[in-house]
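Presented below is the structure to which this report refers.
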Amino acid sequence: MTATSSAGPRPRPLVDRIARVFDRYLLFVYLVIAVVYLLLPVVVMALFSFNDPPGKSNVAWHGFSLDAWFDPFGVPGLFDVVRTSFLVAFLSTMAATALGTLIALALVRYRFRGSSSTNLLIFLPMATPEIVLGASLLTLFVAIGQPPFFPTNFVTILIAHIMFNISYVVVTVRARLAGFDRHLEEAAMDLGANEWTTFWRVTFPMILPGIMAAALLAFSLSIDDYVITSFTAGRTSTFPIFIWGSARVGVPVQVNVIGTAFFLIAVGFVAVSTILQARANRPLPAPRPDLDERDVRA
């Protein structure tokens, strides 16, 4: 007994130690690999925005230069297509966010005839392949007579983008409404607020993070859409269509500059939204016990 106790604990087998290492670091290593895999194309895009190629082809590194950043619209026609894409994305985001938020509120709050069918139809644009959706929209616009009803191809692009963005907005806002406490609205109405005041003072601030997330998602989907836009654009050119056309002879460096700028702007909006939400959810400081009632009132 004495000899056994003085020998100490038996060392763990090598297999057990390897299993402990895997159990401790496997998730972290997997997370790093996944993040690198997702961000690698963005890093390459940003890196090649500082490239100085001798011609139009920007597929090989030649040297560091800031010329493209100082003249991001130096390519003829690039400013017009970026302006068109931004305008389509902005207008479709505003319209889809407003309509999608109202649809989400109706589907979550009320039970009406056809609500189950509406839930099913909301997911159809998300489940339908984009090439099928684009061909169907083209057939629709041609069938109803494009020249009398749609004088410009910009309008057909806008209608298509609003249509497929609504589904994503509804799904995102519904996820935010799923955990919403209706007792807050009831308490506000018990204190004398009407339905309109309750919505703007209680409901809207609570679901605003979900609305902002849906708007950012809709804007991102709209500004980089190519398949549906190519079917409904006609002779109107957007930024993705311009990139596809330029790829045949060589994508200019300015395309990487604008893509990097879009990415930084989107990340900035997400960061600001996250900071504001964290500040709004910050708990109030506890009252100090050394303050009397008069100090608290003051």
Exercise for review: Would you rank L107, L184 by solvent-accessible area, highest first, keeping every protein chain in place and using a 1.4 Å probe?
Suggested key: L184, L107
Practice item. For the chain, return all DSSP H helices satisfying: extent of Cα atoms along own axis at least 20 Å; mean Kyte-Doolittle hydropathy at least 0.0. Key: 14-48, 78-109, 153-177, 204-223, 253-280
Check your understanding: Which value, in Å² and to the nearest 10, is the accessible area of V88 when all protein chains are kept and the probe is 1.4 Å?
Key -> 0 Å²
Review point. Only one of the listed values, [x] 43, 37, 23; [y] 37, 22, 17; [z] 25, 24, 20, was derived from the coordinates as semi-axes √(5λ) of the Cα gyration tensor in Å; which label is it?
Key: [x]
**Study point:** FRET efficiency for K56 and R201, using Cβ-Cβ distance with R0 set to 51 Å, rounded to 0.05
**Key:** 0.40
Revision key, fill the gap. Scan of the chain for trypsin sites (Lys or Arg not before Pro) in DSSP loops with at most 12 other beta-carbon atoms within 10 Å gives a longest site-free stretch of 114-234
Practice item. For region 61-68, just list the computed ³J(HN,Hα) in residue order, Karplus coefficients 6.51, -1.76 and 1.60, θ = phi - 60°, integers in Hz, with x standing in for Gly and Pro. Key: 7, 10, x, 7, 7, 10, 4, 5
Practice item. With +1 on each Lys and Arg Cβ and -1 on each Asp and Glu Cβ, and nothing else charged, work out how big the dipole of the chain is about its Cα centre, in Debye to the nearest 20. Key: 680 debye
Exercise for review: Would you kindly state how much longer the chain becomes between L91 and N119 on full extension, computed as 0.36 nm times their sequence separation minus their alpha carbon distance, in nm to one decimal?
Suggested key: 7.6 nm
Practice item. Loop sites only, by DSSP: take the chymotrypsin sites (Phe, Trp or Tyr not before Pro) in the chain that have at most 10 other C-beta atoms within 10 Å and name the longest stretch containing none of them. Key: 113-298
Check your understanding: Quick one: with all protein chains in place, what share of the accessible area of the chain is carbon or sulfur, to the nearest percent (1.4 Å probe)?
Key -> 69 percent
Review point. Rolling a 1.4 angstrom probe over the protein heavy atoms, how many square angstrom per residue are accessible across the chain?
Key: 68 Å²
Point to revise | Most mobile of G74, G55, G259 in a GNM of the chain (Cα contacts under 10 Å) | key: G55
Practice item. Counting helices only, and only those DSSP H runs with n ≥ 4, report the 222 nm mean residue ellipticity of the chain as the sum of -39,500 (n - 2.57) divided by its residues, in deg cm²/dmol to the nearest 500. Key: -23000 deg cm²/dmol
Point to revise | 20 Å cut-off, amide nitrogen to a point 7 angstrom out along R182 Cα→Cβ, residues in region 108-145 | key: 108-119
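The values are calculated or read from the model by the stated rules, or taken from the named source; none is laboratory data. Small disclaimer: the values here were computed from a predicted structure and weren't measured. Note that we place each Cβ from the backbone using ideal geometry, even for glycine, and neighbour counts take in every protein chain shown. Areas reflect the complete protein model, heavy atoms only, side chains present, ligands, DNA and RNA absent. Shrake-Rupley method; radii C 1.70, N 1.55, O 1.52, S 1.80 Å.
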